[in-house]
Amino acid sequence: MSAGVGTRKAGQLVEIFRSPVAIFRASAEELQAAGLSPAAAQSISSGCAFEEAAMQHEKVHQMGVELVPITDARYPARLRDIFDPPPLLYARGRMELLGRLMLGVVGTRRPTAYGTQAATRLAKDLSEAGLTIASGMARGIDTAAHRAVLDAGGDTIAVFGCGVDEVYPSENRKLAETLAEKGLVVSEFPMGAPPFPQNFPVRNRIISGMSVGVLVVEGGEYSGSTITAKLAAEQNREMFAVPGNVTSKMSWGPNLLIKQGAKLVQEWNDVVSELKAEDRRTLLEQVRNKLNLNEKNGDESKATIPASEVQADARRILNALKHDAPVALETLIDQLEGSSFSDVIAALFELELSGMVRQLPGKSYIKVWAE
């Protein structure tokens, strides 16, 4: 981005000139007419900014980075609708994840053992429920969330506060490489941009902007994670928070968010149950497809589990469950002879989404009384 051209102004220029190339070809007078200062207009029209753009293009090509302008169909639809969307995203990895249903998971860089365990369990469970977990690859909660999802074979996106060819913190170099291979790394900052402190609050709006909501796991009253949650609220996203010990400073942020209306989260379904009906249907379809692909060893011609199979398993599960006594997942699988583990999980997920079954702590399930 050229000096004197902020995110909002860059977006306005793309709207006016229709493409970045047209901006560089415009005269200084045309650029000033579009609202740029004389100095910024002269920098762009003189070719200085174009030379920098050419250098960036070469770095992008060398590292296999994709450029995703706001006009690109791959650009996340939710992010495009925020007040100040980045006009351009740099991305490395699985580009299809930009179109997935995302949830931001953020928290303190100095978590307690409780916070790390909560982030690990929830990120894993939410990814298995079909959500793509977005975070910032910072120390602490962010790192725990990314690793939990990758270990579970799920989908995760890291939003950098520097160029996608940089790594911060440095100890996460191996994690960054794995994310670029099995997940996705995204930034609005150009190649080679260092991790300046002021970049991180700016990048947080991307995490919340791409997501259906933000889950906060530990953080102080004025921490970056609580700021991200407030950004989510301003963007009309859902706010979620994991409650914590009232005597712990790291619990102050999420506990305060809960007092202010954030959804209290103890398990993954506390998040999924708050999503819109169409988003829950999307998750269900993704889980069906993923489970069936795993079963069929990647046979894409059979990528959807027939509804009749899921319904048959669901009926058998309802017959096996009780209203007044939880049944363990292992017991259900033993009772449902002829149904694979993935079949049972898919049917349970559908029943939970429909409100007919509730999961209890310890991977046990109970039938919900019909209204």
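Here are the numbers:
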| item | result |
| --- | --- |
| Test for Leu126: is it within 28 Å of Ala346 (Cα to Cα) and modelled with pLDDT under 95 | yes |
| Search result, residues across region 23-79 that are within 29 Å of Leu184 (Cβ to Cβ), out of contact with any Phe, Trp or Tyr (no Cβ under 8 Å at 6 or more places or on another chain), at pLDDT below 75 and not polar (S, T, N, Q) | Glu52, Ala54, Met55, His57 |
| Index of the failed condition, Asp84 passing every other in (1) outside any loop (DSSP other than H, G, I, E, B); (2) at pLDDT below 95 | (1) |
| Within region 213-259, tally of residues that are touching a Gly at 6+ places or on another chain (Cβ under 7 Å) and either part of a helix (DSSP H, G or I) or among the acidic types (Asp, Glu) (or both) | 14 |
| Number of the exception - Pro201 against (1) of a type outside the set (Val, Ile, Thr); (2) within 14 Å of the chain's Cα centre (by Cα); (3) at pLDDT below 95; (4) assigned to a helix (DSSP H, G or I) | (2) |
| Answer residue from region 108-125, given it is buried (at least 19 other Cβ atoms within 10 Å of the Cβ) and of a type in the set (S, T, N, Q) and is farthest from Gly213 (Cα to Cα) among those | Thr116 |
| Pro201 free of Cβ contacts under 8 Å to residues at least 40 places away in the same chain, out of contact with any Ser or Thr (no Cβ under 9 Å at 6 or more places or on another chain) and under 19 Å from Leu89 (Cβ atoms) | no |
| Selected residue (only one of Ala91, Ala129 is in contact (Cβ under 8 Å) with a residue 24 or more places away in the chain, aliphatic (A, V, I, L, M) and touching a strand residue (DSSP E or B) at 6+ places or on another chain (Cβ under 7 Å)) | Ala91 |
| Residue satisfying condition, being surrounded by 19 or more Cβ atoms within 10 Å (Cβ to Cβ) and either assigned by TED's automatic domain parsing to the domain that holds Gln286 or closer than 19 Å to Arg280 by Cβ (or both), within set Ala320, Ala347, Ala328 | Ala347 |
| Hits in region 236-254 (condition: buried (at least 18 other Cβ atoms within 10 Å of the Cβ) and either not β-branched (Val, Ile, Thr) or not assigned by TED's automatic domain parsing to the domain that holds Ala134 (or both)) | Arg237, Glu238, Met239, Phe240, Ala241, Gly244, Met250, Ser251, Trp252, Gly253, Pro254 |
| Some residue of region 321-336 being under 19 Å from Ser127 (Cα atoms), among the β-branched types (Val, Ile, Thr), part of a helix (DSSP H, G or I) and modelled with pLDDT of 70 or more | no |
| Filter pass, Asn294 being surrounded by fewer than 16 Cβ atoms within 10 Å (Cβ to Cβ) and at pLDDT below 95 | yes |
| Top-ranked residue of region 136-187 - restricted to ones that are among the charged types (D, E, K, R) and surrounded by 22 or more Cβ atoms within 10 Å (Cβ to Cβ), ranked as nearest to the chain's Cα centre (by Cα) | Asp155 |
| Single unsatisfied condition, Met191 versus (1) surrounded by fewer than 20 Cβ atoms within 10 Å (Cβ to Cβ); (2) modelled with pLDDT under 95; (3) over 23 Å from Phe240 (Cβ atoms); (4) not aromatic (Phe, Trp, Tyr) | (1) |
| Flag for Pro111 being out of contact with any Phe, Trp or Tyr (no Cβ under 7 Å at 6 or more places or on another chain), at pLDDT 95 or above and part of a loop (DSSP other than H, G, I, E, B) | yes |
| Of residues in region 163-198 being aliphatic (A, V, I, L, M) and outside any loop (DSSP other than H, G, I, E, B), the one nearest to Gly99 (Cα to Cα) | Leu184 |
| Output for region 208-234, where each listed residue is surrounded by fewer than 18 Cβ atoms within 10 Å (Cβ to Cβ) and touching a Ser or Thr at 6+ places or on another chain (Cβ under 8 Å) | Gly220 |
| Leu97 part of a helix (DSSP H, G or I), of a type in the set (A, V, I, L, M, F, W, C), out of contact with any helix residue (DSSP H, G or I) (no Cβ under 9 Å at 6 or more places or on another chain) and at pLDDT 95 or above | yes |
| Unmet requirement for Ser135, which otherwise passes all of (1) of a type outside the set (A, V, I, L, M); (2) over 18 Å from Glu238 (Cβ atoms); (3) touching a His at 6+ places or on another chain (Cβ under 9 Å) | (2) |
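The values are calculated or read from the model by the stated rules, or taken from the named source; none is laboratory data. Note that the structure is predicted; figures quoted are calculated from it, not measured. Because the Cβ atoms are built from the backbone with ideal geometry, glycine has one as well, and the counts that use them run over all protein chains shown.
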